[in-house]
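To start, the structure itself, in structure tokens.
Quick note: the coordinates plus some simple rules give every number you see, no bench work behind them. A quick note: this is a predicted structure, and the numbers were derived from the prediction, not measured. With ideal geometry, Cβ positions are generated from the backbone for all residues, glycine too; neighbour counts draw on all protein chains shown.
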Amino acid sequence: PICSNGGASCQVSTSALFDRAVKLSHYIHSLSSEMFNEFDEHFTPSRRFLAISGINCHTASLNTPEDKEQARQIQHEDLLNLVLKVLRSWNDPLIHMVSEVQDIREAPDTILWKAVEIEEQTKRLLEGMERIVGRIQPGDLENEIYSPWPGPASVPGDENSRLFAFYNLLHCLRRDSNKIDNYLKLLKCRLIHAGNC
Amino acid sequence: PPGKPKVTSCRSYDKETITCWWEPGSDGGLPTNYTVLYWKENAKTEQECPDYHSSGPYTCYFDKAHTSVWHYYFVYVKARNALGTNVSEVFQFEIGEVVQTHPPRNLSLLYEVESSKVPYLLVSWLPPEKADTKMGWITLQYQVRLKEEKKHVWEEHIVDQQTKLKLFSLNPGEDYVVQVRCKADSKHWSEWSEESYIKIPGSPRQRDMT
Amino acid sequence: PPGKPKVTSCRSYDKETITCWWEPGSDGGLPTNYTVLYWKENAKTEQECPDYHSSGPYTCYFDKAHTSVWHYYFVYVKARNALGTNVSEVFQFEIGEVVQTHPPRNLSLLYEVESSKVPYLLVSWLPPEKADTKMGWITLQYQVRLKEEKKHVWEEHIVDQQTKLKLFSLNPGEDYVVQVRCKADSKHWSEWSEESYIKIPGSPRQRDMT
């Protein structure tokens, strides 16, 4: 960009913003998948938790596109705001996750490192998304409406319920990080490459 | 009663539809009826397989209308005959875990020799059939492997989303075989593409290093 | 008043942190105070340099917490003494434009002579320190150069993302020097790596003086 001295044109290109956001979302999702698989192999080998009580994500109330057709039909402004909402919904749970993993006995160090890295990179991605949304829809940064986290759903002192609450959180993080990654790649193709990636 | 049937695996080639494969148990010679049933995460009721045929015998095909990405699926088979019934283990998955695309297509090789430059082999290909990379619904990582035909050790290169790769260090006069495969977010690489062959032109040109 | 100071350049070695270098103007012998100030794209207020020391004298270091990949940066220096103040031009950049990694490491040379094969020099190296290529945050392109020690003209080869290169038909009996450097997404090549030397076996060819 021709960037005159302090002029308005001095801004990171939208294409570069999306490039960096997609690299981050891809990285966050691959870390989340690895962390979920590691925890699953270490603590819940037969996934009995899942079969018995199913998964309950605090972001389930957010109306996210669930297949390609729905994703194709949604306006990009709405999809952008949705990504922002999902990211904001994870602010508190990620803080909890980092502290919680340090208290889980025998949790491998690699899980702790990933939890810290995910929290740090997600904050970074949120900053980037706010830039992108601010760029594409100036003045439209809905700040308050997102899906607040009700806090850990575990019974104090009950190790099993605590492990399951953490398992549920990791599973939802894997799922939501995949949604964010998928939607960002869609948006990048749509907005930067005119639907022709 | 009938032997225990089994859901052997489930795959999505495009992250838009799903196919599951199943096997009957022993039927002891009695006419036995098989029903594939499934429920989705947080669903109140289970449903029957929507299509037993499109993917061939002993399969269940979930078309786009019956496929949603970020939901867990629980699939099992029920066998029933005159002596009673038996059910398989529940096969559970999320689509992201079972995406395995078809292999990349149209693998082509071009040996480029430009003056004063190190020659290289340009390997290029097309994304697999049915994988919508254009819209960004699926993002693929590719892996190219090559080896000298008479050797056994493959040299592998990971390529992110691009559909071409320059390979520099090939031995003049040798025959090479090249393949490529791809992977969406999940753990499953596609099959390797068909093999492509090329003979690297003869002994290298004399170098004039004035 | 003090002479005009200057922000001479800014670099990011890892696309995660940034260092800027600056020079004071003439101070006419008067004790002069220098302040490095910056603001980010759309920021309402300017801030002072967070760290004048980590990168050495006359620098300003922005650690991860102060480095944003989403914003343009505007950096300038203010000089103040008893006679007045003076400010530098504003140095503006976004991180993608100032990435210059450290050079590649562990450059190694191996002359391979296999029967029935054309001998070649295998040049291999490791990515630079601190360049996080695993996350794909930085994609590097490499350039190798080599020449006969006693000659002046380098032969240069771009090798995309691979970390090795086979060079054929080097002159037997000659001493060669090899270096490698790399470039991230921006325009700045790293420094050249340290030189590596090798003598190609065999006796030098008689030069054909016809």
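Here chain B is assigned +1 on the Cβ of each Lys and Arg and -1 on the Cβ of each Asp and Glu. Its dipole about the Cα centre then comes out at about 160 debye. Fewest neighbouring Cβ atoms within 10 Å first, the residues A:Met35, C:Met135 line up as C:Met135, A:Met35. Using 18 Å as the cut-off for backbone N distance, which residues of region B:150-176 belong to the label zone defined by a point 7 Å from the Cα of C:Glu114 along Cα→Cβ? Output list for this probe position: B:150-157, B:167-176.
Taking amide H as placed 1.01 Å from N in the peptide plane, the amide H of C:Arg105 sits under 5 Å from that of C:Leu126, each at least 5 places away or on another chain.
The packing ranking, built from the mean of other Cβ atoms within 10 Å per residue, places the peptides B:123-132, A:163-172 in the order A:163-172, B:123-132, highest first. Compare the Cα positions of C:Val69, C:His152, C:Ala43 along the charge dipole of chain C (+1 at Cβ of Lys, Arg; -1 at Cβ of Asp, Glu; about the Cα centre) and return the one farthest towards the positive end. The listed residue farthest towards the positive side: C:His152.
Partners of C:Lys183 within straight-line reach, counting aspartates and glutamates whose Cα lies under 15 Å from its Cα and excluding those fewer than 8 residues away in the same chain: C:Asp14, C:Glu97, C:Glu129, C:Asp132, C:Glu156, C:Asp160, C:Glu191.
Shown for B:Gln141: label points 7 Å from Cα along the beta-carbon vector, and their distances to the equivalent points in the other copies, 2.4 nm in ascending order.
Taking amide H positions as modeled 1.01 Å from N, with prolines and chain starts lacking one, the residues under 5 Å from C:Gly202 and 5 or more places away or on another chain are C:Gly173.
Rounded to the nearest 20, the size of the Cβ-charge dipole of the protein assembly as shown about its Cα centre is 1000 debye, with Lys and Arg at +1 and Asp and Glu at -1.
Label sites at C:Lys130 and C:Glu89, each approximated as a point 7 angstrom past Cα along Cα to Cβ, lie 2.7 nm apart. Label point of B:Arg80 (7 Å along Cα→beta-carbon): distances to the other copies' equivalent points are 8.8 nm, sorted ascending. FRET efficiency for the A:Ala194 to B:Ile158 pair, using the beta carbon distance and R₀ = 30 Å, is estimated at 0.60. Estimated from helical segments only, the mean residue ellipticity of chain B at 222 nm is -500 deg cm²/dmol, where each DSSP H run of four or more residues counts as -39500 (n - 2.57). For the residues of A:14-23, the average number of beta carbons from a partner chain within 10 Å of their own beta carbon is 3. For the residues of B:13-24, the average number of beta carbons from a partner chain within 10 Å of their own beta carbon is 1. Site pair B:Asp63 and A:Glu120 shows an inter-label distance of 5.0 nm when each label is modelled 7 Å from Cα along Cα→Cβ. Taken one residue at a time, the phi angles of region B:16-24 give Karplus couplings (6.51, -1.76, 1.60, θ = phi - 60°) of 10, 9, 9, 10, 10, 10, 9, 10, x Hz. Gly and Pro are set to x.
Taking the average, over residues, of other Cβ atoms within 10 Å as the packing measure, peptides A:21-34, B:36-49 rank A:21-34, B:36-49 from highest down. Shielding by partners for peptide C:41-53, expressed as the average number of C-beta atoms from other protein chains within 10 Å of each residue's C-beta, is 1. Across region C:160-173, computed HN-Hα scalar couplings (Karplus, 6.51 cos²θ - 1.76 cosθ + 1.60, θ = phi - 60°) run 6, 9, 6, 10, 7, 8, 9, 10, 9, 6, 7, 7, x, x Hz from first to last residue, x flagging Gly and Pro. Along region A:160-165 the Karplus relation, 6.51 cos²θ - 1.76 cosθ + 1.60 evaluated at θ = phi - 60°, assigns HN-Hα couplings of 5, 5, 5, 5, 5, 4 Hz to successive residues, with x for each Gly and Pro. Among C:Ile200, A:Ile95, B:Ile198, a tally of other beta-carbon atoms within 10 Å of each Cβ gives an order, fewest to most, of A:Ile95, C:Ile200, B:Ile198. When the charge dipole of region B:105-203 is built from unit charges on Cβ atoms (+1 for Lys and Arg, -1 for Asp and Glu) and taken about the Cα centre, the candidate among B:Pro127, B:Ala184, B:Gln143 whose Cα reaches farthest toward its positive end is B:Ala184. For B:Tyr72, the residues whose modelled amide H falls within less than 5 Å of its own, excluding neighbours fewer than 5 places apart on the same chain, are B:Glu41. By definition, a body whose alpha carbon gyration tensor gives a ≥ b ≥ c is oblate when a/c is 1.5 or more and a/b is not larger than b/c, and the protein assembly as shown fits this oblate description. If you find the alpha carbon centre of region C:72-88 and of region B:163-193, how far apart are they in angstrom? If we compute the Cα centre of each part, the gap is 56 Å.
Cross-link pairs exceeding 32 Å between alpha carbons, from the set B:Lys199/C:Lys199; A:Lys23/B:Lys166; B:Lys164/C:Lys15; B:Lys4/B:Lys134: B:Lys4/B:Lys134. Taking the charge dipole of the protein assembly as shown about its Cα centre, with +1 at Lys and Arg Cβ atoms and -1 at Asp and Glu Cβ atoms, the residue from C:Tyr197, C:Phe91, A:Leu17 reaching farthest to the positive side is C:Tyr197. Taking the label point 7 Å along Cα→Cβ, B:Ser124 and its counterparts in the other copies are spaced 3.1 nm apart, in ascending order.
Distance between the pseudo-spin-label points of A:Ile136 and A:Glu159 (7 Å out from Cα toward the beta carbon): 4.7 nm.
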